[in-house]
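Nothing in this text is a laboratory measurement; each read-out follows from the coordinates by a stated rule. The structure displayed is predicted, hence computed values, not measured ones. In this analysis, Cβ positions are derived from the backbone assuming ideal geometry, glycine residues included, and neighbour counts consider all displayed protein chains.
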Amino acid sequence: MDSTLAQFGRAAVVLLWMIAAACGSKTPTQPTDPFPTGPKITCPEAPPPVTATNGQSAVVQYGTATFSGGGPNVSISCAPPNGSVFPVGTSAVVCTASDSRQRTDSCTFNVVVRTPPRISATRFVAFGDSITWGEDGRSSFFTAESDRTVIRPAVQFPTSQTYPGVLQQNLQGRYTTQAVTVANSGLAGEKAGDSATLSRFNGTIAGGAYDAVLLMEGSNDIASRDSRDIPPAVANLRTMIRNARSRNMRAFLATVPPMVAGRPRALPYTLVPELNSQIRSAAAAEGVPLVDIEAGFGSAFDQYIGFDGLHPNEAGYAKIAEIFFNVLRSNLELQPALTAPASLPFFRPRK
């Protein structure tokens, strides 16, 4: 009896095995890990260099680091944090991504903070006539009142709108760690060719208060519409340059602005090109930088000239300041000291 039951049991087991095989039964597998690898971080692009206006440090904003993989709960941190104060020089920023399994990855980029630019001369004097002085051509011109023609008194633009005033603002805005000044020594009605002008110039530079002189004069010399008045004016300008040089001053010689034909005080407009041609030759002969106001005003120069056709308007004075600024920057700005990048640590990602 027992033998019969045993045989029946073995047969049942074989039958069950055959049924399972026929149905394709497989051995159970372990579940797949949804986070098989640690995070992989990508640093933001290095921000463009920032200038420390105080000469020591600057707040720097940079982009956001990104990551792929890892998990769960990947976090990113950067040191120093975005928006930190960085010193002058090259600083390393290290960004790290980590997940809840303590797997990390790091990357590094540089932040560069530069010292502000510097200029080799800081005390300027603008010497010239009513255009240097800042006469407003809307108010001071020939006008008709009843049956007579009168000349209204000269009216000056506010100091901040004259070309020396705007130029000083431009220079101070760039050379933030230096005290840059531009004195206005303009005199309405003055002629470059007069002996009194040369005496006034010598008195202006005699005290040693200035590093450089900005010369722009000659418009009044051609008021008589006689080209013979041009050579004496240019000769005096050359003498002024030499006198400045003898006192170790830099000199910058400018052409005069164009005049707008048909306006009350622009009668000698045809002589402006000849005057400026000789001024350009004088600058070349004396070896001083030329500040070409006429060329800088361009063909649409009437947009920069006031109602009287002679004196610049507010935009014109700002344009003169811009042209002077570019020439001064080109000739006097000091080359910045090179800053070597800081050595960066080597980071080996941990998986």
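Simple point charges give the picture: +1 on the Cβ of Lys and Arg, -1 on the Cβ of Asp and Glu, and for the range 123-332 a dipole about the Cα centre of about 580 debye. Computed from label points 7 Å out along Cα-Cβ, the spacing between Ala315 and Arg138 is 1.3 nm. Panel order for Val260, Val93, by other beta carbons found within 10 Å of each beta carbon, from fewest to most: Val260, Val93.
In percent, rounded to a whole number, the relative contact order of the range 39-114 is 41, using alpha-carbon pairs under 8 Å and six or more apart. Taken along the Cα-to-beta-carbon direction at a fixed 7 Å, the label points for Gln172 and Ser195 span 4.1 nm. In terms of surrounding Cβ atoms within a 10 Å radius of their Cβ, Asp221, Asp136, Asp99, Asp302 rank from fewest to most as Asp302, Asp99, Asp136, Asp221. The ranking of Ile241, Ile205 by Cβ neighbour count inside 10 Å, starting from the fewest, reads Ile205, Ile241.
Can you give the % of DSSP beta bridges in the range 39-114 that are antiparallel, to the nearest 5? Spell out each step's value before the answer.
Working: 22 of 24 bridges.
Counting only bridges with both partners in the range 39-114, antiparallel ones make up about 90 percent.
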